[in-house]
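Reviewing the structure listed below.
The values are calculated or read from the model by the stated rules, or taken from the named source; none is laboratory data. In this text, all values refer to a predicted model and were calculated from it rather than measured experimentally. Here the Cβ positions follow ideal geometry from the backbone for every residue, glycine too, while neighbour counts run over all protein chains shown. In case anyone asks, the SASA skips ligands and DNA or RNA and just uses the protein heavy atoms, side chains included. Shrake-Rupley method; radii C 1.70, N 1.55, O 1.52, S 1.80 Å.
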Amino acid sequence: TAMTGDGVNDIPALVEADAGLAMGSGADAAKDASDIVLINSNFHTIINTVRSGRTVLANIRKMVVYLLATSGGEVLTMLTALILNIPLPITAVMVLWVNLVTDGVSVIPLGLSPSESHQMRQPPRSPSSPLLSKVLLTRVFILAFTMAVTVLTVFKLNLGNGVAYAQT
């Protein structure tokens, strides 16, 4: 819950709210009791702040899903190769290169994505809810598994031409 107030009589509600917002033109005691002080005393600022917060959280989720899926794919690829007793499809240097080049280039735009229109139509999330929902975790596992299977299949098909060729 959020509570806005500017007077001494609002202090108990500002303290009890999840987010207490005091007006910049309000009493100093109300400002001290609140979590956020609106300098310009404009309620539209609250809407913009909520939109920004939801955008940042959505972008963090996108980045985490991407990084977990790609890293999980790399781990599954290496573990499966070790279990099947085949040569490693990618070397440590290749993993570092892939992580440095592709992750940096791909994750930065995800982190800077603009807000999406549906974000403000969704109800507020519980502060205790996990960062990644079961749907997003399922996507991570599906993507990691698909990446591992694809890399191992292409590697195995090209292994007849030599390990160096198959690794490229």
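Numbers below:
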| item | result |
| --- | --- |
| Odd one out for residue 141, checked against (1) crowded, with 16+ Cβ neighbours inside 10 Å; (2) modelled with pLDDT of 95 or more | (1) |
| Which numbered condition residue 159 fails, given (1) open to solvent by less than 70 Å² (accessible area, probe 1.4 Å); (2) closer than 21 Å to residue 59 by Cβ | (2) |
| Residue match in segment 103-124 (condition: in contact with a helix residue (DSSP H, G or I) (Cβ under 8 Å, 6 or more places away or on another chain), under 21 Å from residue 157 (Cα atoms) and not hydroxyl-bearing (Ser, Thr, Tyr)) | no |
| Selection from segment 123-137 of residues that are open to solvent by less than 70 Å² (accessible area, probe 1.4 Å) and either hydroxyl-bearing (Ser, Thr, Tyr) or in contact with a strand residue (DSSP E or B) (Cβ under 8 Å, 6 or more places away or on another chain) (or both) | 126, 129, 133 |
| Qualifying residues in segment 7-25 (those that are part of a loop (DSSP other than H, G, I, E, B) and modelled with pLDDT of 90 or more) - the one nearest to residue 115 (Cα to Cα) | 17 |
| Some residue of segment 115-138 being touching a residue at least 24 places away in the same chain (Cβ under 8 Å) and over 30 Å from residue 2 (Cβ atoms) | no |
